[in-house]
1. Using amide H atoms built in the peptide plane, which far-off residues or other-chain residues are under 5 Å from THR78 H to H?
2. Non-local amide H neighbours of VAL72 (under 5 Å, H modeled in plane, Pro and chain starts lacking H): which ones?
3. Could you sort 60-73, 25-38 so that the peptide with the highest average Cβ count within 10 Å comes first and the rest follow in order?
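Read-outs: derived from the displayed coordinates by stated rules, not from any lab. In this text, all values refer to a predicted model and were calculated from it rather than measured experimentally. No Cβ is skipped: glycine too gets one built from the backbone with ideal geometry, and neighbour counts run over all protein chains shown.
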Amino acid sequence: KWRAKPARRAKFCGQQFADEVLEPLLAEHRPDLVWLDPVLQYLGGDGNQQEVVGEFLRQQLGVLIRRYDCAVVLVHHTNKPSRNAQQNQPRQNPQLHAYDGAGSAEFSNWPRAVLSLLPTKQDGEYRLVAGKRGQRLRWRMPDQTNPCFSKLLRHSRQPGVICWEEADPQLPQ
């Protein structure tokens, strides 16, 4: 497991990040998976501008992950809820969660899949929603017949254990 030093990561963004940081790391380590957390730190421009986000994802990041045959996980922040929005209410159409990320729609259009992790009204519980291509996960409702596109999660309750676990698989998703 390898991580770039924080000072090194924060210094570069955009094309310079792709050329001087990411590509050399990919060439040296040949990872299967790369995490960019948070993606806006590496973008190098306005995350609301389609041209900026599209260029970074498609012409910089996309080219490199194809060249080095790896996948990327983009960690991105959700939009702040509006004052009028009903907070913590699951949307009826889980595919709408594909656009939870702040900024340009390119953050949802470019990736092959989108997952959103959203807080619930219950303290310490979260809903993981497969907003884009969720059917490929083959998650099922408790009846094991009907598909579902979300899972209720919580932090492990075992002392000293850091992981996610399903909060209650019997609850409707």
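1. Under 5 Å from the amide H of THR78: ALA102.
2. VAL34
3. Most protected by this proxy first, the peptides run 60-73, 25-38.
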